[in-house]
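Rule-based calculations on the coordinates, nothing more; no lab input. All of these numbers come straight from a predicted model, not from anything done at the bench. Here the Cβ positions follow ideal geometry from the backbone for every residue, glycine too, while neighbour counts run over all protein chains shown.
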Amino acid sequence: MAIKNAYLNNVYQDLAGRYADQKEFLQAVQEVLTSLEPVFERRPELEEMGIIERLVEPERSLLFRVSWVDDRGKIQVNRGYRVQFSTSIGPSKGGLRFHPSVNLSVIKFLGFEQIFKNSLTGLPMGGGKGGSDFDPKGKSNNEIMRFCQSFMIELQRHIGPDTDVPAGDMGVGSREIGYMFGQYKRIRNEFSGVLTGKDPSSGGSLARPEATGFGLCYFTQEMLQERNTSFQGKRVVISGSGNVATYANQKATQLGAKVVAMSDSNGYIVDENGIDYRTIQLIKEVKRERIKTYVDYVPTAKYVEDPRGIWTVPCDIALPCATQNELPIEGARALKENGCIAVAEGANMPTTLEATKYLQDNGILFGPAKAANAGGVAVSGLEMSQNSMRMPWSFEEVDEHLKKIMVNIYHNIDKAAKDYGAPGNLVMGANIAGFEKVCQAMIWQGVSF
């Protein structure tokens, strides 16, 4: 995907020269800059203001050591990261990811995407991301607690309810957030909304676990209106089996669809009768087992090794909800051949650039991650509001706010795409709509030296 605008291409090439080893970050920047070309053709004065040069460099990048003691008494060392990318429209906001694949490139890619995603929600949140190469899998609760406490000893210096508000992401659920929140409270001697995704007993918002999956389906339902259709009676394939995938299954089922396939990092399950999200919850959230055990509970299901094959399962709607670059060009071709009409991203950048272009070129509705999966950070923003007011909302109130936000996101990005001569191109629309708000704030605030 070549960047044709000379100015934007020069910025990208300079960035690629400095960060040649950060392929995930460069992929995210390339996708955004390509989408922004019509904005800079229409508004050449933005080049003189150095908006893009400033936007592609984080305001602050933190790398720190995390030392902790395992159950055998052995000292372990991991790397911790926090990138505060932009605070133009509000405090940095973005999750913490604990996974062996975490490195600076991955965190920068996620943080850069978060700028635009947060902007699209309409809430006052900047972009940030963080995490560690620590792997919670196979660790005891005490080991996870000791790691989280050690991680927070350093992180607490750089965050706050009006500075940077982390949340959970891959490998960081309610348990991990709880351990980190407790440590922050102990060190800082304050009870504040410094983290979101908290337990409701400690100021967390109801509907937060469901938010990304529910929001994904609210967005997709609105997108399907373009084809005068809905989830009703549709076959759905959902990759992943974590929070996003599980609650996407629940909402899609409630909207009348049948989820026929789900996966984890080892393989995928298929059941033509529909996959029961409650059984997935039992397996993943209670027993913490691999998805292959689903066939022990539901004999009509089949398990297949290698999760990449999930895109060969015939479906009307595909919701990639696992990890970045999980849907390659081969998967996109298989989806088209099997009659898929819509793809919406529940994970962060799960579709490769080549696959994204293929889907768009072949008339398949495509909802990009920064819009389609913004439900999680939207409810995190609503949690911040509840913390500030010291007043919790009911599940129904939060869910209603979430639905309105996701419907508005769809219509705003659809309008932006049409305004810039690319009707139906929601990737371009999302990047432009998210950028314009951040751009206006940067211009208004001047250059910060």
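Name the long-range amide H neighbours of V259: under 5 Å, sequence gap of 5 or more, or other chain; modelled H, no Pro or chain starts.
Those qualifying (amide H under 5 Å, at least 5 residues apart or on another chain) are V236, I275.
I'd like the distance between the alpha-carbon centres of the stretch 8-49 and the stretch 242-257, rounded to an integer number of Å.
36 Å
Would you mind telling me which residue in F85, F231, F40 has the biggest mean-square fluctuation in a Gaussian network model of the chain, where springs connect alpha carbons within a distance under 10 angstrom?
F40
Dipole size in debye (nearest 20) for the stretch 209-367 around its Cα centre, Lys and Arg Cβ +1, Asp and Glu Cβ -1?
220 debye
Given Y218, A2, S92, which one lies farthest toward the positive end of the charge dipole of the chain, if we put +1 on the Cβ of every Lys and Arg and -1 on the Cβ of every Asp and Glu?
Of the candidates, S92 comes out farthest on the positive side.
May I ask for the Rg/Rh ratio of the stretch 60-189, computed from Cα atoms with Rh as the Kirkwood radius, given to two decimals?
Radius of gyration relative to Kirkwood radius: 0.97.
How large is the dipole of the chain about the Cα centre if only Lys and Arg carry +1 and Asp and Glu carry -1, each at its Cβ, rounded to the nearest 20 debye?
880 debye
Just to verify a number: FRET efficiency for D419 and R18, C-beta to C-beta distance, R0 = 35 Å, to 0.05?
The value I calculate is 0.60.
Evaluate the distance, in nm, between pseudo-label points positioned 7 Å from the Cα of R65 and of S192 along their respective Cα→Cβ axes.
2.8 nm
Using alpha carbons only, how many angstrom separate the centre of the stretch 64-85 from the centre of the stretch 323-349?
The distance from the Cα centre of the stretch 64-85 to that of the stretch 323-349 comes to 35 Å.
If the cut-off is a Cα-Cα distance under 24 Å, which lysines reach K302, setting aside same-chain residues fewer than 8 apart in sequence?
Candidates past the 8-residue exclusion: K234, K251, K258, K284, K287, K292, K336.
Tell me, what HN-Hα J-couplings in whole Hz come from the Karplus equation 6.51 cos²θ - 1.76 cosθ + 1.60 at θ = phi - 60° for each residue of the stretch 74-85, using x for Gly and Pro?
8, 6, 10, 10, 10, 9, x, 9, 8, 10, 9, 7
At V286 and K74, where each label point lies 7 Å from the Cα along Cα→Cβ, what is the point-to-point distance in nanometres?
With each label placed 7 Å out from Cα toward Cβ, I get 3.4 nm.
As a test of understanding, state the convex hull volume per residue of the stretch 209-367 from its alpha carbons, in Å³.
Given the Cα convex hull of the stretch 209-367, per-residue volume reads 91 Å³.
Modelled label-to-label distance, R54 and N228, 7 Å Cα→beta-carbon offset: nm?
According to this spin-label approximation, the distance is 4.8 nm.
With each run of n ≥ 4 DSSP H residues scored as -39500 (n - 2.57), what mean residue ellipticity at 222 nm is computed for the chain after dividing by its residue count and rounding to the nearest 500 deg cm²/dmol?
Taking each H run of at least 4 residues, the total per residue is -14500 deg cm²/dmol.
Amide H neighbours of F85 under 5 Å, counting only residues 5+ apart in sequence or on other chains, H built in-plane at 1.01 Å?
E59, G127, G128, K129
Please compute, over every Cα-Cα pair in the chain, the percentage with a separation greater than 30 angstrom.
41 percent
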